[in-house]
Structure formats: structure tokens, C-alpha cells
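The values are calculated or read from the model by the stated rules, or taken from the named source; none is laboratory data. None of the values given here were measured: they were computed from a predicted structure. Every residue, glycine as well, gets a Cβ built from its backbone with ideal geometry; the counts of neighbours run over all protein chains shown.
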Amino acid sequence: MVTWQPYLDPYFASIQLSSMCSIDENLYLMRCPLICFYAVEYHLPHRVARQFGLRQEFPVEPFSTSIQLHKFDRQRQKKVTDFETHHRDYIDE
């Protein structure tokens, strides 16, 4: 069984969120890479829109998350320490 809109549950309505949660709301739906040192993952809100009460298109528009992103293995590539250079294409994007 799937709960399509879990955040409409009364339990979540009682949680007080920080004011920081509503800053830059215009950026919430942006599709972009999220970068944390060696890890890069794409923020793809169009894939989970229905959970937040938004209209979600079906079928979901395909979006390549790049096999290269998932080939980077931190354990095997310990000598990579300049992540700014290593992820330059994603930073520019």
C-alpha cells in the first residue's frame, strides 16, 4: 500500500519547522546536482512531486543521472582531494 501524500498526515502538521525551511522556496523545484565533497547526486523533485501535494506527471520525464557519477569510489580513489576540480562540470552546471 502506498501513501502518496505522507506529509499531509496530522502527525507532520504538528511538527514546527525552522524558518530556514521556507527560505529560497523558488529553488525547491530546481533540477541540479547536489555536491558534498566526493558525492554528487541530482536533485530531481519532479520524481516525488505528488508526495508534497504537487501535480506529478506520468510517466516521469526521463533524466540521466550519469553512470560516471556512480563509478566514483572514494575507497579506491583516495588520492583525489581536490573535489572542486574533480566536480567542475557539475559545479558549472
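So which residues in region 31-59 are outside any helix (DSSP H, G or I) and farther than 27 Å from His87 by Cα, if there are any at all?
As a first pass, look at region 31-59 and keep what is outside any helix (DSSP H, G or I): 31-44, 48, 53-59.
Those that are outside any helix (DSSP H, G or I) and farther than 27 Å from His87 by Cα: Gly53, Leu54, Arg55, Gln56, Glu57, Phe58, Pro59.
Please find, within region 37-93, the residue that is surrounded by the most Cβ atoms within 10 Å (Cβ to Cβ) out of those that are in contact with a strand residue (DSSP E or B) (Cβ under 8 Å, 6 or more places away or on another chain), at pLDDT 75 or above and not charged (D, E, K, R).
Per the criteria, the residue is Val40.
For region 11-30, does any single residue satisfy the condition of being modelled with pLDDT under 75, surrounded by 12 or more Cβ atoms within 10 Å (Cβ to Cβ) and in a loop (DSSP other than H, G, I, E, B)?
Within region 11-30, the subset modelled with pLDDT under 75 is none.
No, there is no match, as no residue in region 11-30 is modelled with pLDDT under 75, surrounded by 12 or more Cβ atoms within 10 Å (Cβ to Cβ) and in a loop (DSSP other than H, G, I, E, B).
List the residue pairs whose Cβ atoms are under 8 Å apart, where the first residue sits in region 1-13 and is free of Cβ contacts under 8 Å to residues at least 60 places away in the same chain and closer than 11 Å to Arg50 by Cβ, the second is assigned to a loop (DSSP other than H, G, I, E, B) and of a type outside the set (Gly, Ala, Ser), and the two are 6 or more positions apart or on different chains.
Thr3/Asp9
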